[in-house]
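The values are calculated or read from the model by the stated rules, or taken from the named source; none is laboratory data. Only a predicted model underlies this, so the values are computations on that prediction, with no experimental measurement involved. In this analysis, Cβ positions are derived from the backbone assuming ideal geometry, glycine residues included, and neighbour counts consider all displayed protein chains.
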Amino acid sequence: MKKNLLYLGLLLAATTGTALAQEPVDTAMVHKIRNEGLNHSKVMETAFYLTDASGPRISGSPELKHAQEWAVNQLKSWGLVNAQRESWGKFGKGWNVQKNYAAITVPYYHAIIAIPKAWTPGTNGPVQGDVVIIKADTITDLDKYKGTLKGKIVMLDAKPGVERTYKADAVRYTDDQLDEMAKAKPTTTEARRAVGPNSPFMRARVLRAAINTFLQNEGVALILSQARGSDGTVFTTNGASYADTAKAVSPELETSGEDFQRILRLVKAGIKVQMEADIKTQFYTDDLQGYDVVAEIPGTDKKLKDQLVIIGGHLDSWHGATGATDNAAGSAVMMEAMRILKAVNFKPRRTIRIALWSSEEQGLFGSRGYVLNHFGDPKTMVLKPEQAKVSAYYNLDNGSGKIRGIYLQGDSAAAPIFKAWLAPFKDLDATTVTIRNTGSTDHVSFDAVGIPGFQFIQDALDYGTRTHHSNQDTYDKLSEDDLKQAATIVASFVYHTSQRDEMIPRKDLPKAQ
């Protein structure tokens, strides 16, 4: 602690140049926030209740509702107000896995690593059957299998999905990489690559849909598909629609690459393979609404208390594990930032709001619905009065790695502000401000209606290679020191945003989408 304080004092004494002269930094409050966040953290305790104690939090599931209700009660216990589950609109069917067992029984016994694809049904009790390979390059290729597949366990011929490598999964940004990000220049929005009906991707998608319909009509017992991943890691995906009007599909297991290829080799060699499976999944249709968790620390300044600083991350996850790095980590950090601010008895000028989104994994639905309900419609750019009252939205959703800086989302006017706010955290390796953006997460929903929305730069660790959407995404993969660091920096950013005389500068309003 003394070392940290000495470094902080020296750093702040040395940084009396242009950036800090232009943008004040409350060094006394930074000291309080650092002390609380680094030495009295509750972030791992929060993460435990969101992961181990709640389970997989797939959209619409009882497990997600459990985590949301726990978060609401926890935020209330810390003194936040207006804590609640708020509906953002219709989602569809909830779903979860209640039983999952599959094994080879002939030519020998071997329990396989496999996970039901999301929103697929169970087997309606134990099933046994021969494994059959389906090879179909066109829809007409299916004709030869008519009347032969009832009660069978089928798999599509597929090459190994991952080549074996011999390098570490977990990595941090190098100084050169961060320097390159910091030197990036503003660019125009990249044109999106069109995916037409005749593209290879769409043709493959249409063919797979036709195969699924064919197998359903033929009455197969189970489909095995090869999951992305290696060394027993299974990256889970969606196997059917969550819409309450969706048609039925066959039970389908996403199988580890090693088990899938073993079975495939045996069958291709003419060796009979039989399997048994017992899979139970449950659909929930009693409440088709989607919900976010929201809570506030109310503002106290007469002129500014109606303005908002919002922080958030998505609470929903996939079902292969407990969604620790994606994104209990971000949710726990944002909750911890709020706890820190309450613990230091902070009375903000602007109101601070936390939002834990749902259905991010299905398309940012929770944040998009919230933005539509409160701030405006990006399709028409018809905005609501509340849109003008949000100073900034800060998001965290890139795993368990420490914060190394912040993406500006093209908002160059915010650069000197954020550089000043990061200066006290140079000793914690957070220094980089880049004009670049990282997409595909909830800050995009705010940016789409002209609200300054930012995602922090985080060390990747093994997020993309091992934990993201996989059966390895467990509490054990969280980095405690990194999460403490992240929560401390977020709390400081929120503090300064709420106290600043002016709101965070805005870019020009985007065009209607």
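Things worth noting here:
- When Glu360, Glu296, Glu336 are checked against the criterion of being at pLDDT 95 or above and in a strand (DSSP E or B), Glu296 stands alone in meeting it.
- Flag if Lys419 is more than 18 Å from Ser498 (Cα to Cα), part of a helix (DSSP H, G or I) and assigned by TED's automatic domain parsing to the domain that holds Phe375: no
- Number of residues in the range 16-33 that are buried (at least 17 other Cβ atoms within 10 Å of the Cβ) and at pLDDT below 95 equals 2.
- Among the numbered conditions (1) at pLDDT 50 or above; (2) surrounded by fewer than 17 Cβ atoms within 10 Å (Cβ to Cβ), the only one that Glu36 does not meet is (2).
- Answer from Asp462, Asp473, Asp508 - the residue that is buried (at least 24 other Cβ atoms within 10 Å of the Cβ) and either closer than 27 Å to Ile58 by Cα or not assigned by TED's automatic domain parsing to the domain that holds Thr51 (or both): Asp473
- Residue within the range 480-490 that is assigned by TED's automatic domain parsing to the domain that holds Phe456 and surrounded by fewer than 20 Cβ atoms within 10 Å (Cβ to Cβ) present: yes
- Test: residue in the range 457-464 that is of a type in the set (Ser, Thr, Tyr) and either under 15 Å from the mean Cα position of the chain (by Cα) or closer than 13 Å to Leu396 by Cα (or both): yes
Rundown of residues vs (1) of a type in the set (A, V, I, L, M, F, W, C); (2) under 26 Å from Lys347 (Cα atoms), yes/no style:
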residue	(1), (2)
Ala53	yes, no
Leu75	yes, yes
Trp78	yes, yes
Arg85	no, yes
Gly92	no, no
Gln98	no, no
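- Complete set of residues in the range 250-291 that are crowded, with 17+ Cβ neighbours inside 10 Å and either of a type in the set (Ser, Thr, Tyr) or part of a loop (DSSP other than H, G, I, E, B) (or both): Ser250, Pro251, Thr255, Ser256, Val273, Thr281, Tyr291
- When Ile115, Ile133, Ile58 are screened for being surrounded by 19 or more Cβ atoms within 10 Å (Cβ to Cβ), at pLDDT 95 or above, among the hydrophobic types (A, V, I, L, M, F, W, C) and in contact with a helix residue (DSSP H, G or I) (Cβ under 8 Å, 6 or more places away or on another chain), only Ile58 passes.
- Annotation: of all residues in the range 345-401 being touching a helix residue (DSSP H, G or I) at 6+ places or on another chain (Cβ under 7 Å) and of a type in the set (A, V, I, L, M), the one that is nearest to Lys305 (Cα to Cα) is Ile352.
- Taking each residue of the range 203-218 that is within 10 Å of Ser250 (Cβ to Cβ) and looking for partners that are polar (S, T, N, Q) and part of a helix (DSSP H, G or I) with beta-carbon atoms closer than 8 Å, six or more apart or interchain, yields nothing.
Results for (1) touching a residue at least 60 places away in the same chain (Cβ under 8 Å); (2) not assigned by TED's automatic domain parsing to the domain that holds Leu396, shown as yes or no for each residue.
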site: Asn39; (1), (2): no, no
site: Leu50; (1), (2): yes, no
site: Glu63; (1), (2): no, no
site: Gly94; (1), (2): yes, yes
